[in-house]
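Novice: This is the structure I want to talk about, given as structure tokens.
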Amino acid sequence: MATTDAPKIVTSRLGYDDSHTMARYLATGGYEGLRKALGMHPEAVAAEVDAASLLGRGGAGFPAGRKWSMLRPNDVTYLVVNGDESEPATFKDHLLIERDPHQLVEGTIIAAYALQVNQAFIYLRGEFAFGLERLQQAVNEAYEHGAIGKDIFGSGFSVDLVVHPGAGAYICGEETALLESLEGKRGWPRIKPPYFPAAIGLYGEPTVVNNVETLSNLPWIVLNGGAAFAALGAGRSTGTRLFALSGHVARPGVYETEMVKTTFRDLIYDPAYGGGVRDGNDLKAFIPGGASAPWFGPDKVDLPLGQDEVGEAGSMLGSGSVVVMDATTCMVRAAWRITKFFARESCGQCTPCREGSGWLERILQRIELGAGREQDLDLLLDVSDNISPGLAWPPAQTTICVLGPSIPSSIFSGIRLFRDEFLLHVKEGACPYA
Amino acid sequence: MSHLTPDNLTRAKKLIELYPERRSALIPLCHLVQEQDGWLTEEAMDDIAGLVGVTTAEVRGTASFYDMLHTEPVGRYLVAVCTNIACLLGGATELLEHAEASLGVRSGGTTADGLFTLEEAECLADCDRTVCVQVNHRYVGGQTAESFDALVADLRAGRLDTTVPPHGTLVRVERRVGLEADRAVVAEQRAAAKSARAAREAAVAGSGGSGSG
């Protein structure tokens, strides 16, 4: 069966209408993880996270414990939480922020203690006005409760937590762009190396950047032990994870499932999750991990929801967002819209991304609107290849950050899967779905 | 003479105190100014520049990068219709066309009465309720053509004013406390981290072109 008996780790409170309140949080074991952590040595807390083998839930899937261990004890100056969720079709952090903000606060303070930092920031996407209010309320309450601030729960450990609003820019989800933005600048990704803000982060100081969902797991991991988390899932993909399911599916939503033990078929068709393609239509294609991920056809639907499993099949689990496209979908229009997004959000620093995204968008537009030429398909692939040579996955990179190599994903996978449909637009001089 | 009201100037100074370097308050201060004026006037950008210690050009340079910061006036209600992939599959192209016809403006335009600015938005992260629409960055649920017209009527009549504040008001919950961790201890820890890093860097120096150390 698709549903396993794995516990709900980050969504355990979401059945309550008042899941965001301090009263509900405390009544359901809230801040107990932090109390336990404060009684442990900071390195012992970090060791539990390491034992959990928790992969970062932001998109890149880097092990959270290893991100921490790149820093020497007492060497980290800042902890920054990445709450800039903007990958198209990703809507799971937004849920955690609005519906269980105290869990995020507790996870953040646990991480701050493990890293021994005394100032943490939660960078929240500016468009999350409601989430900003819920989170600020939770932070205010947590200060009053003694869970943030000076001498937390009498432990002698002090840390301040500041909620920082972004102002609308997809690129700020890239961690070095996020730090630039937090410094009051344009969200321009920084040149690598250094590859990690652990070396040079906020104001040039060692900084750890973790995703909202990643840190929301920490209260449970501390209370139940890293081994209990690692016992869930399989291989490198341990624990449970949130999957944001959208598109042509009967029951779109955010579902917490045990990693690897659940497949895309389960997620899309099981009545406990998606409940099938809408109107009983046939599945045409799906995006396994956000707009940056190459598309899969129905032949891949039995792949497990595991980071390496999806990676080996030529795409990525990314931000955990699965977009279902049924038989009525125009794949040219879908690729055009995704490409238009990247063209709009390119920060403009690197030529392949800045120029390439605009060219690709205009070529896709003319194909969709009936003015395309047969050689446009090769042109699309050629421009894409200039952005990410080889058009493989994981992609080769010609740019400072991974926005550039994400642009060709929908184009090359779309043409590989649906070449005839692209050509039909050209031959008929119109979109067959219009 | 500050362009900010005395109350907002106090709030601005409190915001600046939350950051180790005051420039970090630049974006929060832009939001504060938009709460006061609805958009970023030249005078306000001068003020922000003075408060965070950069030039006005740097404030404009940063502000112009971000979709939510407006260097031109916008309507009282900023209506953002998402047309990205999940909403596209839910009929967003058609809804945006309907919204343009219904409000009588193209995407990006503001109605003559200054009430509505219509915007084609990128993914707003509410993809299980398509078509996703935000008004002044507040979710108003999945929208259809019919519900959209009812939404506009409600906004016009002021029936949603408790859930949808005027454009510019981003967060209605203010932070109640300043920083609590002991500043002297914090400064000491930061200095220690800095010197540890300098020591490590000195240990690997000398292999570059200058060969010093």
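Read-outs: derived from the displayed coordinates by stated rules, not from any lab. It should be emphasised that the depicted structure is a prediction, and the values quoted were computed from it without experimental measurement. Here the Cβ positions follow ideal geometry from the backbone for every residue, glycine too, while neighbour counts run over all protein chains shown.
Novice: Which of A:Lys92/A:Lys340; A:Lys92/B:Lys13; A:Lys36/A:Lys92; A:Lys284/A:Lys427 have a Cα-Cα distance over 25 Å?
Specialist: Among A:Lys92/A:Lys340; A:Lys92/B:Lys13; A:Lys36/A:Lys92; A:Lys284/A:Lys427, the Cα-Cα distance tops 25 Å for A:Lys92/B:Lys13; A:Lys36/A:Lys92.
Novice: Then there is this: May I ask which residue of B:Gly109, B:Leu69, B:Ala25 lies farthest towards the positive end of the charge dipole of region B:1-137, with charges of +1 (Lys, Arg) and -1 (Asp, Glu) on Cβ and the Cα centre as origin?
Specialist: The one lying farthest along the dipole's positive direction is B:Ala25.
Novice: What list do you get for A:Ser406, B:Ser102 if you sort them by fewest beta carbons within 10 Å?
Specialist: Ascending Cβ contact count within 10 Å gives the list B:Ser102, A:Ser406.
Novice: Convert each backbone phi in region A:360-377 into a coupling constant with the Karplus relation 6.51 cos²θ - 1.76 cosθ + 1.60 (shift: θ = phi - 60°), then list the ³J(HN,Hα) values in order as whole Hz, x for Gly and Pro.
Specialist: 4, 4, 5, 5, 5, 4, 6, 5, 4, 8, x, 10, x, 10, 4, 6, 4, 5
Novice: Continuing with the same structure: Using label points projected 7 Å from each Cα along Cα→Cβ, tell me how many nm separate B:Ala101 and A:Lys36, to one decimal.
Specialist: Computed distance between label sites B:Ala101 and A:Lys36 equals 5.9 nm.
Novice: So what is the relative contact order of chain B, in percent, for Cα pairs below 8 Å that sit 6 or more residues apart?
Specialist: This gives 18 percent for chain B.
Novice: Given a cut-off of under 8 Å on Cα pairs at least six residues apart, what relative contact order in percent is computed for region A:66-160?
Specialist: 32 percent
Novice: Gap in Å between the Cα centre of region A:157-208 and the Cα centre of region B:128-200?
Specialist: The distance from the Cα centre of region B:128-200 to that of region A:157-208 comes to 18 Å.
Novice: Hey, how many Å between the Cα centroid of region B:56-99 and the Cα centroid of region A:342-418?
Specialist: When both Cα centres are located, 24 Å separates them.
Novice: Apply the a/c threshold of 1.5 to the C-alpha gyration tensor of region A:287-434 and tell me whether it is rounded, prolate or oblate.
Specialist: Since a/c reaches 1.5 but b/c is at least a/b, the shape of region A:287-434 is classed as oblate.
Novice: Additional query: Put +1 on the Cβ of each Lys and Arg and -1 on the Cβ of each Asp and Glu in the protein assembly as shown; which of B:Leu51, A:Val332, A:Pro252 then has its Cα farthest toward the positive end of the dipole?
Specialist: The one lying farthest along the dipole's positive direction is B:Leu51.
Novice: Of A:Tyr203, B:Tyr139, A:Tyr78, how do they rank once you tally other Cβ atoms within 10 Å and put the fewest first?
Specialist: A:Tyr203, B:Tyr139, A:Tyr78
Novice: Based on a Kirkwood Rh over C-alpha pairs, give the Stokes-Einstein translational diffusion coefficient of region A:97-215 at 20 °C and viscosity 1.002 mPa s in µm²/s.
Specialist: Stokes-Einstein gives a translational diffusion coefficient of 144 µm²/s.
Novice: Next question. Rounded to whole Hz and in sequence order, give me ³J(HN,Hα) for region B:13-18 from the Karplus expression 6.51 cos²θ - 1.76 cosθ + 1.60, θ = phi - 60°, writing x for Gly and Pro.
Specialist: 5, 5, 4, 4, 5, 6
Novice: For region A:40-84, give the magnitude of the charge dipole about the Cα centre (Cβ charges: +1 Lys/Arg, -1 Asp/Glu; no others), in debye to the nearest 20.
Specialist: So the dipole magnitude of region A:40-84 works out to roughly 120 debye.
Novice: A further question on this structure: Under the classification rounded if a/c is under 1.5, otherwise prolate if a/b is larger than b/c and oblate if not, where does region A:1-119 fall, given a ≥ b ≥ c as square roots of the Cα gyration tensor eigenvalues?
Specialist: In terms of gyration-tensor shape, prolate.
Novice: Now a separate question. Work out from phi, with θ = phi - 60° and the Karplus expression 6.51 cos²θ - 1.76 cosθ + 1.60, the ³J(HN,Hα) of each residue of region B:160-177, listed in order in whole Hz, and give x for Gly and Pro.
Specialist: Listing the rounded values in order: 10, 5, 6, 8, 10, x, x, 3, x, 7, 8, 10, 8, 9, 8, 5, 8, 10 Hz.
Novice: Of A:Leu305, A:Pro288, A:Gly168, whose Cα points farthest to the positive end of the dipole of chain A (charges on the beta-carbon: +1 Lys, Arg; -1 Asp, Glu; origin at the Cα centre)?
Specialist: It is A:Gly168, whose Cα lies furthest towards the positive end.
Novice: Report, by chain and number, residues whose modeled amide H sits under 5 Å from the one on A:Thr240, excluding near sequence neighbours (fewer than 5 apart, same chain).
Specialist: Close amide H contacts, sequence-distant or interchain: A:Met259.
Novice: Taking the simple approach of a point 7 Å from Cα along Cα-to-Cβ for both A:Thr351 and B:Ala145, what is their distance in nm?
Specialist: Computed distance between label sites A:Thr351 and B:Ala145 equals 4.7 nm.
Novice: Neighbouring Cβ atoms within 10 Å as the yardstick, rank A:Val212, A:Val222, B:Val54 fewest first.
Specialist: Neighbour counts put them in this order, fewest first: B:Val54, A:Val222, A:Val212.
Novice: Taking Cα pairs under 8 Å and at least six residues apart, what relative contact order does chain A come out at, in percent?
Specialist: Reported as a whole number, the value is 16 percent.
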